[in-house]
Amino acid sequence: MTIRTLLIANRGEIACRIARTARRLGIRTIAVYSEADAGSLHVESCDEAWPIGAAPARDSYLRGDVILDVAKRAGADAIHPGYGFLSENADFARACAEAGIIFVGPPASAIEAMGSKSAAKQLMEKAKVPLVPGYHGDRQEPAFLERQANRIGYPVLIKASAGGGGKGMKVVEQPADFAAQLASARREASASFGDDKVLIEKYLVRPRHVEIQVFADGHGNCLHLFERDCSVQRRHQKVIEEAPAPGMTGERRREMGDAAVAAARAISYVGAGTVEFIVDAAGDFFFMEMNTRLQVEHPVTEAITGLDLVEWQLHVSAGGTLPLTQDQLRINGHAFEARLYAEDPARGFVPQTGRLAALRFPTEGVRIDTGVREGDTVSVHYDPMIAKLIVHGADRTQALDRLVRALEATRVAGLATNIGFLAALARQPAFASGNVHTGFITEHEA
Ligand code: ADP
């Protein structure tokens, strides 16, 4: 199979980034756009563009039926879903396969297997992948869950089984708060995901978030492209990511890589995926979840491996074998990614909307992945991420120095952003020491 025409079922920076690789490979690109995006950069980045509906995502970017119809009419032989939107929608993946169009992602069965955090943990238990102590079974009566929390020991974390984006997650410090927090997690889960099922985990204090990039082809080969440390988070969401992880040893990397590959193999995975682990102070690691798509932070992996993950995705989904073996992969230097958001750090990082009156990036020593340009508007309809700044250096110190300089040379005006916050964060001596954990931002906020 060869992919000649690719429909990109997404918008913003990821649609532009996918289009860039596709065009380099000589693939014709089809954009789709909502009414709010008619003049947007991703439309301009593709050879052709088709309207798919009104601004709210549910009326456009989430309309699998409409997008599939465009794919057929435009003669696309593959659809790349990017991240978010339809990327982890098993029904859509299946509908593509049934229509004879390549879904650039894993088989629907693999998406389903990881779609529920609880079911995924049951599967991982069988595959002998280490799990955070907790309860991820089917019983959901409050009294039963409370007994589980007591057994696990406080603090505990209640998570929406169908969750994502930190929604439906509640930390419970003491037994007296359990019932109220459970009710609140349930309400949030049901509002966001239409499913109020929860699981309970031991809440680890000052852990790291370390994830492994895996890749598999349809011929039984599966490998990992090392790790990313995404510990620097606000509201349980990543803001600065790096690769490799500070303090990682060769032995630990092998153990985590093997566990991640075992996780992928357990669900007959094909394509790019990420196995997320939480690492405690002792360095022990536990499976959190697997994301069955390309991640926002994939560029740091590209920077240290010199590979193009979208190119690999297209190659593998068209039936190709993995271009390299595990032994041929090497880590070169160190990379950081910082996410520039339209949000107000002074007011709890609330998302901002408005016109980007100024938007200028440095052109040297940094990769900028963005889906907007000066004069564009950040609307209420979509994710408020403006751009990702990705830097690479021979070692962590050099890469961090480049990150600071790139952030300082970025000019953005017209609405509140986290640019100053990112620059201050990157300049922190504590950050430079590499001693980061998921509570880093909270602890270092003046
Ligand atoms: P989501 O899918 O909503 O993003 P995750 O399960 O990926 O949720 O968790 C998001 C973040 O929450 C993690 O990166 C980590 O910072 C924190 N977290 C998750 N589980 C735990 C835990 N058991 N203990 C402490 N922090 C956790």
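All of the numbers you see were taken from the coordinates with simple rules; none came from a lab. Quantities reported herein were computed from a predicted structural model and do not represent experimental measurements. All Cβ positions, glycine included, derive from the backbone under ideal geometry; neighbour counts span all protein chains shown.
Quick look at the numbers
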| quantity | calculated |
| --- | --- |
| Over the range 311-446, relative contact order from alpha-carbon pairs under 8 Å, at least 6 apart, % | 28 percent |
| Fraction of the pair-distance distribution of the range 306-446 above 17 Å, Cα-Cα pairs, percent | 67 percent |
| Proximal aspartates and glutamates to Lys197, defined as alpha-carbon separation beneath 13 angstrom and excluding residues fewer than eight positions away on the same chain | Asp138, Glu141, Glu188 |
| Size descriptor, Kirkwood hydrodynamic radius, that averages inverse alpha-carbon separations across the range 69-218, Å | 17.3 Å |
| Compactness of the range 1-52, expressed as Rg and Dmax over alpha-carbon positions, Å | 10.2, 35 |
| Gain in span if fully extended, Gln326 to Ala97, counting 0.36 nm per residue against the direct Cα distance | 79.5 nm |
| Cα pair distances exceeding 26 angstrom across the chain, given as percent | 57 percent |
| The range 49-108 - percent relative contact order, Cα under 8 Å, separation 6 or more | 28 percent |
| Glu374/Glu35 FRET efficiency (R0 22 Å; Cβ-Cβ; nearest 0.05) | 0.50 |
| Cα-based radius of gyration of the range 355-413 once divided by 2.2 N^0.38 Å, which approximates compact folds | 1.24 |
| Per DSSP, loop trypsin sites (Lys or Arg not before Pro) in the range 45-144 with at most 15 further Cβ within 10 Å | Lys128, Arg139 |
| Reachable lysines from Lys128, criterion Cα separation under 23 angstrom, eight or more residues apart if same chain | Lys117, Lys159, Lys202 |
| Packing-based exposure ordering (other Cβ within 10 Å, fewest first) of Thr438, Thr417 | Thr438, Thr417 |
